[in-house]
Amino acid sequence: MSKSLARVIAALESAGLACGTLEMPGETRTARDAAREAGCEIDQIAKSIVFRGEESDSVVLFITAGGNRVDGTKASVAAGERLGRADASFVRDKTGFAIGGVAPVGHLTPSHVFLDPKLLEFSVVYAAAGTPRHIFAVAPAQLAEISGAMVAEFTT
């Protein structure tokens, strides 16, 4: 088991969730791939999009519905600071995950987290579990709680 997957499982267990992780036969690097593998709507995929806070140099995580895109201006307003691109090295160093497998929980360093209200329209959503082939199912309200996310408008 990868260290990333183990960290996600530990975070879920620590939060009291017994949702478990699912290994998909195909890759889940994109929302479209994950929806196909999970057999769900694309908006049921909870994408983890990482930005870098330009003043704080911290991770700012936006958990968004699979079909939505993060609007940079709205995201900066929600975060309360200018946001910059988080390259693969920044993402790996700060979260412990590679792009394509960034989970909403189990980060190496604390993140400021925001949740797309579109996700709350579903009884269950699917999020990356630390690898390009693992996901977990969770109620969106539980996802907000365990990730420490604030619900905010930040999509186009």
> So what is the calculated 222 nm ellipticity per residue for the chain, using -39500 (n - 2.57) for each DSSP H run with n of 4 or more, over all residues, to the nearest 500 deg cm²/dmol?
Replying inline: -8000 deg cm²/dmol
> What is the distance in Å between the Cα centres of the range 1-42 and the range 68-127?
Replying inline: 16
> Which one, (i) 15.1; (ii) 16.2; (iii) 17.1, gives Kirkwood radius over Cα pairs in Å as derived from the coordinates shown?
Replying inline: (i)
> To the nearest 10 degrees, how steeply does helix 3-14 sit against the main Cα axis of the chain, on a 0 to 90 scale?
Replying inline: 90
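Taking R0 as 25 Å, what FRET efficiency do you get between F90 and E145 from their Cβ-Cβ distance, rounded to the nearest 0.05?
Details: r = 26 Å, r/R0 = 1.05.
It comes to 0.40.
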> Which distance in nm do the two modelled labels at E121 and E81 give, with both placed 7 Å along the Cα-to-Cβ direction?
Replying inline: 3.2
> In straight Cα distance, which lysines are under 16 Å from K94, not counting same-chain residues fewer than 8 positions off?
Replying inline: K3
> Between R133 and residues 5 or more places away or on another chain, which pairs have amide H atoms under 5 Å apart, with H built 1.01 Å from N, and which residues are they?
Replying inline: T28
>> Leaving ligands and nucleic acids out of the surface, order L108, L22, L12 by accessible area at 1.4 Å, largest first.
In response: L108, L22, L12
> Taking a spot 7 Å from the Cα of A6 along the direction of its beta carbon, which residues of the range 134-153 have an amide N less than 18 Å from it?
Replying inline: 134
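Using a probe of 1.4 angstrom, how much of the accessible area of the chain is carbon and sulfur, in percent? Don't jump to the answer; show the numbers that get you there.
Numbers: 3790 of 7450 Å².
In the chain, the share of accessible area belonging to carbon and sulfur is 51 percent.
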>> From the protein chains alone at 1.4 Å, what is the descending order of accessible area for C19, C40, largest first?
In response: C19, C40
> Rounded to the nearest 5, what is the percent of antiparallel bridges among the DSSP beta bridges in the chain?
Replying inline: 65
> Ranked from highest to lowest mean number of other Cβ atoms within 10 Å per residue, what is the order of the peptides 46-58, 117-129?
Replying inline: 117-129, 46-58
> For the range 31-47, what does the Karplus curve 6.51 cos²θ - 1.76 cosθ + 1.60, with θ = phi - 60°, yield as ³J(HN,Hα) per residue in whole Hz, taken in order and with x for Gly and Pro?
Replying inline: 4, 4, 4, 5, 5, 4, 5, 7, x, 10, 6, 4, 6, 7, 8, 8, 6
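Would you mind working out the accessible area per residue for the chain, using a 1.4 Å probe, and quoting it in Å²? Could you put the intermediate results ahead of the total?
Values: 7450 Å² over 156 residues.
I get 48 Å² per residue for the chain.
The values are calculated or read from the model by the stated rules, or taken from the named source; none is laboratory data. Since the model is a prediction, treat every value here as computed from it, not as a measurement. Positions of Cβ are backbone-derived with ideal geometry, glycine not excepted, and every protein chain shown enters the neighbour counts. The area values use the complete protein model at the heavy-atom level, side chains included, leaving out ligands, DNA and RNA. Shrake-Rupley method; radii C 1.70, N 1.55, O 1.52, S 1.80 Å.
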